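Q: Take this structure, written in structure tokens, and hold onto it; I'll ask about it next.
The values are calculated or read from the model by the stated rules, or taken from the named source; none is laboratory data. Quantities reported herein were computed from a predicted structural model and do not represent experimental measurements. Cβ coordinates were reconstructed from backbone atoms using ideal geometry, including for glycine residues, and neighbour counts include every protein chain displayed.
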Amino acid sequence: MAQVMRDAPARRIILGITGGIAAYKAAELTRLLIKQGTHVQVAMTEAACHFITPTTMQALSGHPVLTNLWINSQGMNNQGNSNDDGMAHIHASRATDAIVVAPASADFIARLAHGLADDLLSTLCLARNCPLIVAPAMNRQMWENAATQRNIQQLIADGVILLGPDSGSQACGEEGMGRMQEAAQLARDIQAFFQPRLLAGTHVLLTAGPTYEAIDAVRGITNRSSGKMGYAVAQAALELGARVTLISGPTALSAPHCPLVGQGAKLIQVTSAADMLQAVQQQVADADIFIGVAAVADYRAAQTSAQKIKKGATKLSLDLLPNPDILGYVASLPKPPFCVGFAAESHDLIKHAHEKRLTKNIPLIAANLAQHAVGADDNELILIDHAGEHVLPRADKLTLARDLLKHIVALRHSLSHKGTMKHPIKVRA
Ligand code: C5P
């Protein structure tokens with residue numbers, strides 16, 4: 001079985017830290033970015049050094065911290081050696097894929113908005129030829145102040161990308177807008193920013209979560225599914241630049257969104273398999289890719305009761321009817337989108353998944369063991385297509401979703417070049 005290698009292109013960012021309580025979150029952000037395979041060069045303003053030390057940031061990033069336009073914290077120049085040509089602000093910003101300022105104080109935002117360059121970090125920002133991402137952090141009154149709002153509008157007009165701020169309790173004890181986003185959220189959004197836009201111009205339609213088939217006013221039949229995998233695939237599709245429609249059964253999850261790519265998924269919430277099928281029928285016409293991640297309940301009650309069925313001492317029998325196969329319906333359309341299914345099995349995974357791919361007549365199926373997948377944050381997938389089996393090694397569901405979509409892009413491309421894509425896809429042996 002082929003093991004799919006994850007490509008982890010070494011990305012370089014400058015993490016700028018300015019003076020604010022939220023500077024402590026920059027330590028965790030550095031750790032998470034490095035874990036993602038990003039090279040992090042930290043640059044701190046003088047004020048930032050009052051909140052967190054360059055020593056901490058050097059230890060976490062593994063590189064001397066840039067602190068001063070003239071001389072750095074190690075008594076060396078900003079490249080970490082002594083033959084400085086005085087161009088650290090140019091060299092450092094040229095060798096980077098993005099500058100991320102987190103936290104960005106109200107004062108620093110004002111300086112950015114006015115193009116000031118009176119310290120190393122502001123000079124790096126002004127001299128950059130790469131994207132600038134800013135995560136504001138300040139007291140709510142400072143955030144709401146007309147001057148700050150004017151400066152923020154200026155940054156947006158200048159093409160600066162804003163992450164946050166969030167609303168919530170603040171270090172000063174007040175409650176409101178201005179909290180810096182959590183490090184995990186920032187790391188996730190920054191990673192999303194670096195994804196190749198492989199699905200630009202593509203409409204991806206997905207189903208996710210369970211369906212719920214009512215028996216009476218309070219009881220029903222459902223499948224165990226948190227919706228996490230389907231929502232992760234929707235999130236990853238947004239990151240790759242797709243327009244995403246997510247048709248979801250009942251879950252506790254919020255709609256996927258991708259601020260750095262500038263759009264969210266269209267979320268259509270449904271309850272039963274019949275509702276899900278109807279929503280798919282309404283959305284499928286212009287879909288390029290359909291991914292059935294939903295754990296659709298196989299049966300529904302033949303008769304439902306609007307009132308709660310009273311418990312009795314005798315046996316209760318239910319007549320069950322099979323639900324429509326939504327993926328099967330889409331795959332059998334005269335001009336189907338590129339169809340991908342999921343197979344969750346408790347045993348004989350590969351055998352059942354192969355059979356399912358052929359029965360449903362779809363080019364690709366993602367197989368996983370139900371006991372590993374349901375409700376978990378991590379999983380392992382085996383992708384099965386005409387060429388065989390490809391293992392996506394254990395990872396969090398968003399990483400797996402990105403890998404799955406990259407496989408879909410490559411497979412769709414190769415099948416369309418063989419002239420076997422669409423009208424209809426032939427996958428049977
Ligand atoms: O339930 P089964 O194992 O056949 O599910 C395989 C695939 O078919 C999954 O992608 C699931 O979303 C889809 N499916 C569907 N409608 C059903 C049952 C399954 O779309 N009624």
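Q: Being buried (at least 22 other Cβ atoms within 10 Å of the Cβ) and assigned by TED's automatic domain parsing to the domain that holds G292 is true for just one of L404, L398. Which residue is that?
A: L404
Q: Residues A200, A171, A214, A183: which one is in contact with a Lys or Arg (Cβ under 7 Å, 6 or more places away or on another chain) and touching a residue at least 40 places away in the same chain (Cβ under 8 Å)?
A: Result of the check over A200, A171, A214, A183: A183.
Q: Sticking with this structure for a sec: Out of the stretch 274-301, which residues are crowded, with 16+ Cβ neighbours inside 10 Å and within 14 Å of S225 (Cα to Cα)?
A: Hits for the stretch 274-301 are G292, V293, A294, A295, V296, A297.
Q: Checking R179 against (1) outside the structural domain of V409 (by TED's automatic domain parsing); (2) within 24 Å of Q269 (Cβ to Cβ), only one condition comes out false. Which one?
A: Of (1) outside the structural domain of V409 (by TED's automatic domain parsing); (2) within 24 Å of Q269 (Cβ to Cβ), only one is false for R179: (2).
Q: Out of all the residues in the stretch 190-219, which are part of a strand (DSSP E or B) and surrounded by fewer than 18 Cβ atoms within 10 Å (Cβ to Cβ)?
A: Looking only at the stretch 190-219, we keep the residues that are part of a strand (DSSP E or B), and these are 203-208, 210, 212-214.
Within the stretch 190-219, just A214 meets the criteria.
Q: Continuing with the same structure: Given the stretch 239-334, what strands (runs of 3 or more DSSP E) lie entirely inside it while holding 3 or more residues that are within 16 Å of the ligand (Cβ to nearest atom)?
A: The strands (runs of 3 or more DSSP E) meeting that bar are 243-248, 289-292, 299-301, 320-322.
Q: Somewhere in the stretch 360-375, is a residue of a type in the set (D, E, K, R), under 26 Å from V270 (Cα atoms) and touching a Gly at 6+ places or on another chain (Cβ under 7 Å)?
A: yes
Q: Next question. Please go through the stretch 383-394 and give me each residue that is surrounded by fewer than 19 Cβ atoms within 10 Å (Cβ to Cβ) and touching a residue at least 24 places away in the same chain (Cβ under 8 Å), ordered by number.
A: First, the residues of the stretch 383-394 that are surrounded by fewer than 19 Cβ atoms within 10 Å (Cβ to Cβ): 386-389, 391, 393-394.
The answer is H386, G388, E389, V391, P393.
Q: Under 6 Å between Cβ atoms, at least 6 apart or on separate chains: pull out the pairs that start in the stretch 328-340 with a residue that is at pLDDT 95 or above and end on any residue that is acidic (D, E) and assigned to a loop (DSSP other than H, G, I, E, B).
A: P337/D288
Q: Can you find a residue in the stretch 369-382 that is surrounded by 17 or more Cβ atoms within 10 Å (Cβ to Cβ), under 17 Å from L411 (Cβ atoms) and more than 9 Å from the ligand (Cβ to nearest atom)?
A: Yes, the stretch 369-382 has at least one match.
Q: I'd like to verify a number: residues in the stretch 167-189 that are of a type in the set (G, A, S) and either touching a His at 6+ places or on another chain (Cβ under 8 Å) or surrounded by 18 or more Cβ atoms within 10 Å (Cβ to Cβ) (or both), how many?
A: The total comes to 3.
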